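Single-structure report; data block below.
The values are calculated or read from the model by the stated rules, or taken from the named source; none is laboratory data. Since we're looking at a predicted model, the values are computed, not measured. All Cβ positions, even for glycine, are placed from backbone atoms using ideal geometry, and neighbour counts span all protein chains on display.
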Amino acid sequence: MKTRKLELGDRNIVGARVTEARRRKGMKQNELLARLQTAGVDMSTPALSLLEGQKRPVSDIELNALADVLGVSVNWLLGRKE
């Protein structure tokens, strides 16, 4: 597993949760991207990397698709209690 070269940003609060959920499922970034595309969300590899690194904001459409694909709730991605 690669280690992050840059410090985490502050552009979103879901990036760390996306990474956590993706790794729990044993999914690589390219697999997550393929599943997002199937769900109608076209995201590039650099965009996902920036999102996970909290350097890029996430749209509501992306947030909803990420929750569905990763099998978690939007509230969980946002760090809220269920």
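Looking at the range 1-32, which of the residues that are more than 17 Å from Arg56 (Cα to Cα) and not in a helix (DSSP H, G or I) is modelled with the lowest pLDDT? So the residue we want is Met1.
Within the range 28-40, take every residue that is touching a Leu at 6+ places or on another chain (Cβ under 8 Å) and more than 19 Å from Asn75 (Cα to Cα) and give me the one that is surrounded by the most Cβ atoms within 10 Å (Cβ to Cβ). Reasoning before the result, please.
Here is the first cut: in the range 28-40, the ones touching a Leu at 6+ places or on another chain (Cβ under 8 Å) are 29, 32-33, 36.
Applying the additional criterion that residues be more than 19 Å from Asn75 (Cα to Cα) yields 29, 32-33.
On the way: Gln29: 15, Leu32: 21, Leu33: 19.
Per the stated criteria, the residue is Leu32.
Checked against (1) at negative phi; (2) surrounded by fewer than 20 Cβ atoms within 10 Å (Cβ to Cβ), Gly71 passes all but a single condition, namely (1). For the range 45-74, a residue qualifies if it is small (Gly, Ala, Ser) and either out of contact with any helix residue (DSSP H, G or I) (no Cβ under 8 Å at 6 or more places or on another chain) or touching a residue at least 12 places away in the same chain (Cβ under 8 Å) (or both), and the qualifying residues are Ala47, Ser49, Gly53, Ser59, Ala65, Gly71. Checked against (1) under 17 Å from Leu63 (Cβ atoms); (2) modelled with pLDDT under 95, Ala39 meets all criteria but (2). Scanning the range 33-44 for residues that are part of a helix (DSSP H, G or I), without any contact (Cβ under 8 Å) to a residue 24 or more places away in the chain and not hydroxyl-bearing (Ser, Thr, Tyr) turns up Leu33, Ala34, Gln37.
For Gln54, the requirement of being part of a helix (DSSP H, G or I) and either within 10 Å of the chain's Cα centre (by Cα) or surrounded by 11 or more Cβ atoms within 10 Å (Cβ to Cβ) (or both) is not met. When Leu78 is tested against the conditions (1) in contact (Cβ under 8 Å) with a residue 40 or more places away in the chain; (2) surrounded by 15 or more Cβ atoms within 10 Å (Cβ to Cβ), the lone failure is (2).
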